[in-house]
Amino acid sequence: MVGGGVVFAGSLLTTALAPSYGVLLASFVAIYPASGAFVSLSQATLMDADPANRERNMARWTLAGSVGVATGPLLVATGAGWRAIFLVYAVFAAGLVVLVRPLRFDGGDEEAGGGFRAALRELRNPRVVRWLVLLELQDLGGDILYGYLALYFVDSVGVDAQAAALAVAVWTGADLVGNVIVLRALHRVGGLRWLRATALGVAVVFPAFQLAEGLVPKLVLIALLGALHSGWYPISKARLYEALPGRSGSAMALASTTGALGAVKPLALGLLAGRVGIHDAFWLVLLAPLSMLLFVPRPGRV
């Protein structure tokens, strides 16, 4: 984690000071594996530190990410150049490395020397496969939808770039609010019940969003969708860690591998949109709530 943090902070600093495209490209290439060592291992450690509160801790983790997503554009809106912003991020990352450096963690009962082959053997566990698949499918209603949202509003709704940016801002704000609600709700409502209830909500709201006419109704409905989907990733990821107790490294490795394979989802949606249009291609998003309703077990079942 410390090594990854050092490279991560250094890459951000290099990005801020990059004198040429080649240096900028090299810094971006270095950031990706450094993030895996620094950020992903931090998540796995958090899951091991308090197994009884995995869902709430993952909700906290996702809320922190939502704050970052929301504040990033605000920094840009202040007029600060991208170099200055990356410099601020580099200083912040370096501060986190300083905080992490003196910490010591119990390795728990994680397998020693098992490597990636040991992680692959966990695919025999149907609970593991279920949550790996759901993690990828839920993303259709999250990052994939978000990534195409501006294009959808321009091409399908027919608005200008400013209104499309507003739609993205509405989604981002609703996601932040939704993550706050999830964190509070998990005190009283189990994660499985929350997944099934919000999946039903999205299964109703998303067709309404597709069929609605005009900018304002679509903005209202996209806000609802942004809030409803918020708990899907943290709860599903927490359940994956729960399916592999004491083997957070295996959970992280498998999720990273399926995530890499799942990178074809935005490509597939884009290719389909090129053939049938972005509006009709967006109906694929319905696979997310329907898969949740079909495969998320009812509370009390394994």
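So Leu176 passes all but one of these: (1) closer than 30 Å to Pro51 by Cα; (2) at pLDDT 95 or above. Which condition number does it fail?
All conditions pass for Leu176, except number (2).
When segment 188-213 is examined, which residues are found to be more than 22 Å from Leu137 (Cα to Cα) and either buried (at least 16 other Cβ atoms within 10 Å of the Cβ) or in contact (Cβ under 8 Å) with a residue 24 or more places away in the chain (or both)? Give the steps one after another, and end with the answer.
Initial filter on segment 188-213 (more than 22 Å from Leu137 (Cα to Cα)): 188-189, 211-213.
Ala212 - this is the single residue of segment 188-213 that is more than 22 Å from Leu137 (Cα to Cα) and either buried (at least 16 other Cβ atoms within 10 Å of the Cβ) or in contact (Cβ under 8 Å) with a residue 24 or more places away in the chain (or both).
Could you pull out every one of the helices (runs of 4 or more DSSP H) wholly within segment 5-113 that has 2 or more residues that are more than 26 Å from Pro234 (Cβ to Cβ) and free of Cβ contacts under 8 Å to residues at least 60 places away in the same chain?
Working: elements: 21-35, 41-49, 54-77, 82-100.
Result: 21-35, 54-77, 82-100.
Got a sec? Which helices (runs of 4 or more DSSP H) wholly within segment 179-250 have at least 1 residues that are out of contact with any strand residue (DSSP E or B) (no Cβ under 9 Å at 6 or more places or on another chain) and under 20 Å from Asp280 (Cβ atoms)? Steps first, please.
Working: elements: 191-211, 215-228, 232-243.
Ranges flagged: 191-211, 215-228.
Out of Arg130, Arg121, report the one residue that is surrounded by fewer than 18 Cβ atoms within 10 Å (Cβ to Cβ) and among the basic types (Lys, Arg). Write out each step before concluding.
Numbers: Arg130 fails: surrounded by fewer than 18 Cβ atoms within 10 Å (Cβ to Cβ).
Only one candidate qualifies: Arg121.
Consider segment 171-207. How many of its residues are within 16 Å of the chain's Cα centre (by Cα), within 15 Å of Met58 (Cβ to Cβ) and aliphatic (A, V, I, L, M)?
Final tally of qualifying residues: 4.
Quick one: is Pro217 at pLDDT 95 or above and exposed (fewer than 14 other Cβ atoms within 10 Å of the Cβ)? Full working, then the answer.
On the way: at pLDDT 95 or above: yes; exposed (fewer than 14 other Cβ atoms within 10 Å of the Cβ): yes.
Judged against the criteria, Pro217 is a match.
Regarding Phe282, is this residue of a type in the set (Phe, Trp, Tyr) and more than 26 Å from Leu120 (Cβ to Cβ)? Please lay out each step first, then the result.
Working: of a type in the set (Phe, Trp, Tyr): yes; more than 26 Å from Leu120 (Cβ to Cβ): yes.
Yes.
The values are calculated or read from the model by the stated rules, or taken from the named source; none is laboratory data. Everything numeric here is computed off the predicted structure, so don't read it as measured data. Note that each Cβ is placed from the backbone with ideal geometry, even for glycine, and that neighbours are counted across all protein chains shown.
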